[in-house]
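Read through the structure below, which is laid out as structure tokens, and then see the notes.
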Amino acid sequence: MNETDIGFWGVPLAMFAGAIRVSTPFLFVSLGECLTEKSGRINLGLEGTLVFGAMSGYAVAYLTGSPWFGVFCAGLSGCFFGAIHGYICKLPKVNDIAIGIAMMLFGTGLAFFFGKPFIQPQAPHLPSISLGGWSSLPQVRSALEINPLFFIGIALAVFMWWAFKNTRWGLIVRMTGDSAPAALAMGYSVDWVRFLATTVGGFFAGVGGAFLSLYYPGAWSEGLSSGQGLMAVALVIFARWNPLACFGAALLFGAAGALGPALQSVGITQGYYFFNAAPYLLTLFIMIASVSPKRSLKGAPGELSITK
Amino acid sequence: MSAVPAPHPRRAVELQTIGMTKIFGSLIALEDVSIHVRPGTLHALLGENGAGKSTLVKCIMGFYQPTRGEVLVDGKEAVIASPRDAHAHGIGMVYQHFTLVPSLTAAENLVISRAHPPAVIDWKKEIAGLEEFLSRMPFKVPLTVPVSGLSAGEKQKLEILKQLYLDQRLLILDEPTSVLTPGEADEVLGLLRGMTEAGDLTILMISHKFREVTAYADDVTVLRRGRMVGGGRVGELSVDDMSHMMIGDTKIRERAARKEFSGEPVVLELAGIFSDDDTGLPAVKGVNLKIHAGEIVGIAGVSGNGQSTLIEVLSGQREMSDGRLFIHGKPFEPTRQKMAEFKVFGLPEEPLKNAAVRRMSVAENIAFRSFDKPPIAGRFGFMSPKPMRQKARELIAQYRVKTPSPEEPIENLSGGNVQRAILARELSGEVEVLVVANPCFGLDFASVSEIRSQIMDQRNRGAAVLLVSEDLDEILELSDRVAVMSGGAIHYVVPIAEADRNSIGKAMAGH
């Protein structure tokens with residue numbers, strides 16, 4: 001046994017590192033969805049936004065050589081998708097869930113169409129911050145290579161949590177999400193607030209997509225997202241529409257997603273695909289545990305079409 | 001927006017409408033209505049449902065643009081294109097349906113209701129300011145609890161406080177006491193009247209309760225079918241005058257007389273019913289009640305004290321967490337088979353929502369109790385539409401349901417006719433147990449009278465009737481015994497002969 005082998009300690013360490021890496025896109029998508037749902041609308045299209053963000057971020061980073069500009073453009077493309085969803089839902093007699101599913105297919109389809117030429121080339125990766133310099137163990141050092149987007153996500157979660165309580169915009173978003181008649185009576189345009197919330201939420205989801213293609217796993221492919229955008233919707237329900245809880249839930253999902261690779265890294269390959277399914281199982285169990293037919297969801301914005 | 005900085009302190013506002021007319025398509029909702037609300041008075045607006053009261057105040061508030069006519073505020077013509085313009089003139093409205101945001105606290109609701117809330121809110125400063133404001137106000141509400149946790153009375157008070165916080169000096173109140181206990185209603189109206197007498201406030205109050213109008217209003221205007229049919233100083237009009245103005249010469253069906261019974265057996269027994277509401281919290285906490293044949297037991301109470309949960313349990317819409325139901329001493333579960341076997345029928349509140357399928361036809365809705373039995377159900381599970389239509393036609397005629405045809409979707413009928421169609425379905429057979437909730441909510445006088453008579457008829461034929469109503473007058477008119485529900489339990493039951501408003505009101509408030 002050499003001194004850098006840490007045996008089964010590698011599993012929790014790899015899961016910790018994996019949780020941080022894998023959770024970042026969950027965090028961004030769920031914060032975007034949290035903002036959208038707080039305003040009273042559900043955007044299931046964030047899966048499509050995520051995939052398109054991944055493709056466009058990768059493509060822009062490859063073409064310009066700047067990964068951060070890629071992240072920004074991925075956000076902008078997310079805005080575009082959010083704006084389409086927001087605009088269509090403003091029309092009368094439109095169901096936001098149906099539009100969300102259409103947008104999800106549209107986003108992934110469009111990403112595959114434009115993304116074909118970018119599957120082969122290698123785009124520059126996002127740099128990471130090394131926080132493990134104090135340790136002599138390479139495993140610890142590699143686990144503490146953390147992407148700045150993770151910290152930006154935490155800051156965003158804290159900011160949103162604060163802003164929902166302490167700013168005019170926060171209160172207006174919560175008001176339109178909970179009681180559209182109240183917002184109308186006070187002279188706010190519910191449609192406009194929801195349009196903006198969906199657009200900004202789309203930006204976050206696009207950034208989450210760029211993280212996928214530009215950092216971890218770190219390449220553009222068509223199977224990149226594997227449903228993370230949809231899981232983020234479940235995650236928001238689990239987090240009870242609280243941005244801070246979204247962070248915790250994203251870490252939990254991240255850790256579940258890292259389980260398979262972590263076990264593989266210490267040589268357990270049996271049941272690899274089963275462990276890789278952990279996030280999906282977690283989604284299922286969380287929805288069963290936290291949703292009951294006998295009571296309504298606590299903390300749910302009153303205007304959401306699923307709670308009405 | 002024509003907002004002008006308000007000179008402090010603002011004084012009571014004077015309001016006049018001249019020749020207000022509002023036409024929707026072919027319907028004349030309001031025709032040439034001119035009212036004068038003197039500053040510093042409480043002015044009551046009386047009228048039946050559909051008389052044009054809401055249309056009038058919506059025109060004043062800028063929700064609707066009147067087809068003709070104008071609004072004068074303090075004697076000057078005012079252009080009110082939106083509720084914001086009305087607010088700028090110092091006119092605010094308290095709606096029957098709350099406009100508070102449930103998940104926001106009282107303080108958040110008040111701050112966000114301001115025309116220009118700060119971009120970043122300094123809560124320390126705001127809370128101090130709100131507390132100072134509340135210290136000048138006649139009633140208080142807790143500031144830091146989410147509104148969803150407040151009682152209906154507290155919400156109503158907060159709605160009024162919100163308008164005062166916005167410095168509105170003419171308040172339009174839409175049936176402000178419908179969710180209050182009689183005691184709370186007297187408190188709120190008394191305090192508001194104090195403010196009008198001091199010249200700080202003018203109030204225009206929509207109401208249909210003569211008791212409140214005679215006790216608190218200075219002036220009254222009566223509307224009928226969109227026209228102003230009378231008005232004047234309240235002191236100069238009798239209740240008879242006002243009710244005659246309201247209903248005109250409409251024929252009101254005579255109330256069925258109460259048949260005397262004695263020593264009838266217990267039919268429906270509720271034994272220790274417990275049930276949880278949508279949030280998983282206990283809403284009904286140990287209700288015990290026995291109802292005899294030929295008896296109406298009225299459950300009074302302010303809405304939100306567990307009555308609707310209890311009704312849902314009895315009609316099979318919600319599971320109980322504990323307790324038993326018995327009919328004639330035999331255990332009863334509210335399933336379709338058992339309901340048919342024990343002849344249990346119900347008139348839930350808001351029938352269009354709770355007892356009908358909106359887009360299905362009147363005939364189909366009427367067949368909901370019988371479509372799976374002969375003659376409608378044929379062999380091999382096929383349904384024959386002919387007997388169904390036949391039966392529907394008979395019942396539509398018998399219960400005088402006004403509908404273009406039996407095939408009309410039920411949602412196109414007026415509220416009174418939906419209720420009549422449901423009555424036809426529920427009451428046309430033999431009834432042993434009848435569960436009724438707010439049967440007359442939002443109906444006109446003629447329908448109210450007819451529906452109450454039908455309920456009394458069932459009682460006289462020996463049915464055990466459980467009546468839940470938020471309208472205390474309805475309870476007092478129909479019941480043989482009055483039970484008061486408060487906080488999910490029934491602590492006070494009294495025979496009608498010994499019932500008085502005061503002790504019922506106290507029991508409603510939980511004392």
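Expected output is a single nm value to one decimal: the length gained when fully extending between A:LYS298 and A:SER189, i.e. 0.36 nm times separation in residues minus the C-alpha distance. What is it? The partial results should precede the final answer.
Details: separation 109, 0.36 × 109 = 39.24 nm, distance 2.60 nm.
Length gained between A:LYS298 and A:SER189: 36.6 nm.
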Estimated FRET transfer efficiency when R0 is 41 angstrom, pair B:ALA340-B:ALA446 (beta carbons, to 0.05):
0.80
Given springs between every Cα pair under 10 Å in a Gaussian network model of chain A, which of A:ALA197, A:ALA14, A:ALA54 has the largest fluctuation?
A:ALA14
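With each run of n ≥ 4 DSSP H residues scored as -39500 (n - 2.57), what mean residue ellipticity at 222 nm is computed for chain A after dividing by its residue count and rounding to the nearest 500 deg cm²/dmol?
Values: 13 runs with 211 residues, N = 308.
Helices in chain A give a 222 nm mean residue ellipticity of -23000 deg cm²/dmol.
Local charge sum around B:GLY381 (other residues, Cβ-Cβ under 15 Å, Lys/Arg +1, Asp/Glu -1)?
Numbers: positive: B:LYS373, B:ARG379; negative: B:ASP372.
The answer is +1.
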Helix-only [θ]222 nm of chain B, DSSP H runs n ≥ 4, -39500 (n - 2.57) each, per residue, nearest 500:
-9500 deg cm²/dmol
Among region B:459-488, those whose backbone N falls under 17 Å of a label point 7 Å along Cα→Cβ from B:PHE326 are B:464
How large is the Kirkwood hydrodynamic radius of the protein assembly as shown, in angstrom, based on all distinct alpha carbon pairs?
30.6
Could you check which residue among A:ARG174, A:ARG141, A:ARG41 shows the biggest mean-square fluctuation in a GNM of chain A with a 10 Å Cα cutoff?
A:ARG141
Out of A:THR49, A:VAL22, A:GLY170, whose Cα points farthest toward the positive end of the dipole of the protein assembly as shown (charges: +1 Lys, Arg; -1 Asp, Glu; placed on Cβ)?
A:THR49
From the Cα centre of region A:43-87 to that of region B:192-252, the distance in Å is 62
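Given charges of +1 on the Cβ of Lys and Arg and -1 on the Cβ of Asp and Glu, with all other atoms neutral, how large is the dipole of chain B about its Cα centre, in debye to the nearest 20?
Working: 58 positive and 65 negative charges, 247 e Å.
My answer is approximately 1180 debye.
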Quick one: check the C-alpha center-to-center distance for region A:171-221 versus region B:436-498, whole angstrom.
49
Suppose each label sits 7 Å from its Cα in the direction of the beta carbon; what would the B:LYS76-B:GLU430 distance come out to in nanometres?
7.4
Along the charge dipole of region B:1-151, which of B:PRO39, B:PRO146, B:ASN49 sits closest to the positive end, that is, farthest toward it, with unit charges on the beta carbon of Lys, Arg, Asp and Glu (+1, +1, -1, -1)?
B:PRO146
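Given charges of +1 on the Cβ of Lys and Arg and -1 on the Cβ of Asp and Glu, with all other atoms neutral, how large is the dipole of region B:15-247 about its Cα centre, in debye to the nearest 20? Provide the component values of the computation, followed by the final result.
Values: 23 positive and 28 negative charges, 87 e Å.
The calculated dipole for region B:15-247 is roughly 420 debye.
At R0 = 56 Å, how high is the FRET efficiency between B:ARG258 and A:TYR280 if r is their beta carbon distance? Nearest 0.05 is fine. Can you show the working numbers first?
On the way: r = 65 Å, r/R0 = 1.16.
So, using R0 = 56 Å, E works out to roughly 0.30.
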Hey, what angle do you get for helix B:415-427 against the long axis of chain B, alpha-carbon based, 0 to 90 degrees rounded to 10?
20
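Between B:LYS140 and B:ARG359, what is the FRET efficiency for a Förster distance of 35 Å, r being their Cβ-Cβ separation, to the nearest 0.05?
Details: r = 46 Å, r/R0 = 1.33.
With a Förster radius of 35 Å, E is 0.15.
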Could you work out the percent of alpha carbon pairs in region B:266-508 separated by over 32 Å, rounded to a whole number?
20
Placing +1 on the Cβ of each Lys and Arg and -1 on the Cβ of each Asp and Glu in region B:245-377, which of B:HIS292, B:GLY316, B:PHE368 has its Cα farthest towards the positive end of the resulting dipole?
B:PHE368
Spin-label point model (7 Å from Cα, Cβ direction): what's the A:SER305 to B:MET383 distance in nm?
2.8
Lysines with Cα under 17 Å of A:LYS38, excluding same-chain neighbours fewer than 8 positions away:
A:LYS90, A:LYS165, A:LYS298, A:LYS308
Over 26 Å (Cα to Cα) - which of B:LYS58/B:LYS155; B:LYS353/B:LYS391; B:LYS290/B:LYS506; B:LYS58/B:LYS402; B:LYS162/B:LYS209; B:LYS157/B:LYS290 fall in this group
B:LYS58/B:LYS402; B:LYS157/B:LYS290
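Here, each number is a calculation from the coordinates, and none is a lab measurement. Keep in mind it's a predicted model, so treat the numbers as computed, not measured. We place every Cβ from the backbone using ideal geometry, glycine too, and count neighbours over all the protein chains shown.
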